[in-house]
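Please find one structure pasted underneath; my questions will follow.
The values are calculated or read from the model by the stated rules, or taken from the named source; none is laboratory data. Just so you know, these numbers come straight off a predicted model, no measurement behind them. Note that each Cβ is placed from the backbone with ideal geometry, even for glycine, and that neighbours are counted across all protein chains shown. Surface areas here come from the heavy atoms of the whole protein model, side chains and all, with no ligands, DNA or RNA. Shrake-Rupley method; radii C 1.70, N 1.55, O 1.52, S 1.80 Å.
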Amino acid sequence: RGPKWGSRTASQVWGLPAYDWDACRRDGYAWWMRRLSHMSQYFHAYRIDCVLNFLRTWEVPVGSPTGWFGCFEPVIGFTVAELESRGIWDIHRLTYHNLHEGLCGTTFSPAEWDWLLQHLLEPKGGGFFRFRTDVCPTECALAAVLDSAQLPPMEDLQQFRGRVFECYRDVLFQCFSNSQGERLVPIIGMQSTRSFKTLPEDFKRAVSSVYNEFFTRQTDLWSQTAVQRLSPWINATGMLVCGEDLGMVPACTCQVLRQLRIFCLRVQLFSTTQHPNECGPKTTTCRARRAKKAMR
């Protein structure tokens, strides 16, 4: 489904495998076409839940406890040269965890900080440290270490774990490789990180500009992807196709749904207008009591 309204902390991690869209396209989406053909014997309309995934899929590394290091697919990232041309030159600073020794006594107690130095951190110079990639290269690996390690005595183990994970997620960009080589993409919700808040003001403006540009440069790609993936569904049967588009909605969504003549079906939480709204007895986006009042 992806981050909700740009908040990475609210990203839903369902543990479902991502579709191999290339394989689906090669056989003409045969599995889906068979299902749609059978459904058309009984129904006149159907709803595609999370239709946004046909524009782009939100993919999270296997085993990740959160969606913090998730990424949209397909996606157009930035090259190092592009970032440097915009005044963003310290790529290492933006793509790795940077924990300063000043966290001792503020975020962590001396005993907790000593334990981190012994088991999870390595020095990077200038009083900065980062998580050891040989011990915790992923969130899942970090969780396994914290679950199995002999931790120092502390009042609240869960709070300690939370602070460690918060530091682990304190990065602004992540790297990935595709057919064009290595690319960087911004972390969704990066503005909430300690790393962003401690940047110089001119650096903040440059990073924020790239963050905003990241979404605008996906418009054509995601529009083309949606048309390519959804057109076979539209043409498969005579059923009316509806779509649910809640969450972090790309700017091109409405245009794509209009182009494909997909009806937007939703149950509104609140309405400030008097136009008719679709109502139901209970859905994931409408409390039963509100729906009951709306149906009277």
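Label points 7 Å out from Cα along the Cβ direction at residue 30 and residue 84: separation in nm?
If labels sit at residue 30 and residue 84, their model points lie 4.9 nm apart.
Let me ask another. Tell me the per residue accessible area of region 15-141 using a 1.4 Å probe; a whole number in Å² is fine.
I get 54 Å² per residue for region 15-141.
Another question, if that's okay. What are the extents of the Cα atoms of region 98-235 along their three principal axes, listed from largest to smallest and rounded to whole Å?
62, 38, 28
How much length is gained on full extension from residue 209 to residue 197, taking 0.36 nm per residue of separation minus their Cα-Cα distance?
Extra length available between residue 209 and residue 197 comes to 2.8 nm.
What residues have an amide H closer than 5 Å to that of residue 124, excluding those fewer than 5 places away on the same chain, when H is modeled at 1.01 Å from N in the peptide plane?
HN-HN under 5 Å from residue 124: 129, 130.
Follow-up question, since we're still on this one. Using packing as a proxy for protection, rank 204-213, 28-37, 14-23 so that the peptide with the highest average count of other Cβ atoms within 10 Å comes first.
Top to bottom by mean Cβ count within 10 Å: 204-213, 28-37, 14-23.
Full-extension gain between residue 141 and residue 156, please, as 0.36 nm times their residue separation minus the C-alpha to C-alpha distance.
Taking 0.36 nm per residue and subtracting the Cα distance, the gain is 3.3 nm.
How many angstrom separate the Cα center of region 162-188 from the Cα center of region 40-64?
Each part's Cα centre sits 25 Å from the other's.
Report, by chain and number, residues whose modeled amide H sits under 5 Å from the one on residue 47, excluding near sequence neighbours (fewer than 5 apart, same chain).
It is 242, by chain and number.
How many percent of the alpha carbon pairs in region 65-156 exceed a separation of 18 Å?
59
At a 1.4 Å probe radius, carbon and sulfur cover how many percent of the accessible area of region 1-158?
55
While we're on this one: What percent does the relative contact order of region 42-190 come to when contacts are Cα pairs within less than 8 Å and at least six residues apart?
Across region 42-190, relative contact order equals 26 percent.
Cα atoms only: what Rg and Dmax, in Å, come out for region 5-122?
Gyration radius and largest Cα-Cα distance of region 5-122: 22.2, 68 Å.
Sticking with this one: So, how do all the Cα-to-Cα distances of region 212-262 break down into 10 Å bins, in percent, from 0 on up?
Calculated P(r), rounded to whole percents: 22, 54, 20, 4.
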